[in-house]
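The values are calculated or read from the model by the stated rules, or taken from the named source; none is laboratory data. None of the values given here were measured: they were computed from a predicted structure. FYI the Cβ positions are ideal-geometry reconstructions off the backbone, even for glycines, and counts take in every protein chain you see.
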């Protein structure tokens, strides 16, 4: 019986990482589908549009493009399912980087809390991107959270935008685990963190409803679920195996 338990532990240990697949993923190879992505509410900005100019997916051909726009930009949101646990969101952003130092520019990855109704900023928002008119302006990446707004607003991360692909990622611990929010640019952990305020996160947003004079392409957006729940799933299999033994 003990040998069966150790075998189960070994299998569970190696199966849990394999189970850590995203519960939301879109490489836009089927286009920016209206059944998945919705236009951001409360403004006149357009939804992201399907593009074949740039893509990050190996063997793929499509991405979601945010065109230059005035007065409001292109953005869209998708529902990845309400969770009060750990959440990680990531996306690849491509730009030509035609920045001259004077034109408004904006791109964004954002996790938004579950308000129980219309998507908005009523619960929480965890933003990572470049936004004109805020700390870092259009030249650098910055972050913003509801917690952060009461402690200085948008904060400059000191990382310059660049031509080509940039990977943006946001991690948020559950409130039970402290609610810390971490930001990554090209898989490098930024030195500044913030706090999550919403018990439940539900939506991921790409783009921003702000004036923008440059093109951006988003691809391979992914939201990863709570690792602890996957661990419990593996341990559940272990307990079943132990009882049978």
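Taking the conditions (1) closer than 26 Å to residue 40 by Cα; (2) at pLDDT below 70; (3) over 20 Å from the mean Cα position of the chain (by Cα) in turn, residue 149 satisfies each one other than (3). When residues in the range 107-125 are screened for being in contact with a helix residue (DSSP H, G or I) (Cβ under 8 Å, 6 or more places away or on another chain) and closer than 26 Å to residue 217 by Cβ, 2 of them pass.
Can you tell me which residue is surrounded by the fewest Cβ atoms within 10 Å (Cβ to Cβ) among those in the range 38-59 that are in contact (Cβ under 8 Å) with a residue 60 or more places away in the chain and within 25 Å of residue 23 (Cβ to Cβ)? Lay out the reasoning, then the answer.
At the first step, the residues of the range 38-59 found to be in contact (Cβ under 8 Å) with a residue 60 or more places away in the chain are 38, 40-43, 45, 48, 51, 53-57.
Then keep just the ones that are within 25 Å of residue 23 (Cβ to Cβ); that gives 38, 40-41, 48, 55-57.
Details: 38: 16, 40: 24, 41: 10, 48: 26, 55: 21, 56: 18, 57: 14.
Only one residue tops the list, namely 41.
Condition check: modelled with pLDDT of 90 or more, in a loop (DSSP other than H, G, I, E, B), surrounded by fewer than 16 Cβ atoms within 10 Å (Cβ to Cβ) and under 21 Å from the mean Cα position of the chain (by Cα). Does residue 118 satisfy that? Break it down into steps so the answer makes sense when it comes.
Details: modelled with pLDDT of 90 or more: no; in a loop (DSSP other than H, G, I, E, B): yes; surrounded by fewer than 16 Cβ atoms within 10 Å (Cβ to Cβ): yes; under 21 Å from the mean Cα position of the chain (by Cα): yes.
For residue 118, the condition - modelled with pLDDT of 90 or more, in a loop (DSSP other than H, G, I, E, B), surrounded by fewer than 16 Cβ atoms within 10 Å (Cβ to Cβ) and under 21 Å from the mean Cα position of the chain (by Cα) - is not met.
All conditions in (1) crowded, with 18+ Cβ neighbours inside 10 Å; (2) modelled with pLDDT under 90 hold for residue 242, with the sole exception of (1).
Test of understanding: among 99, 125, which residue is modelled with pLDDT of 75 or more and either surrounded by 16 or more Cβ atoms within 10 Å (Cβ to Cβ) or at positive phi (or both)? Give the derivation first.
Numbers: 99 fails: modelled with pLDDT of 75 or more.
That would be 125, the only listed residue that is modelled with pLDDT of 75 or more and either surrounded by 16 or more Cβ atoms within 10 Å (Cβ to Cβ) or at positive phi (or both).
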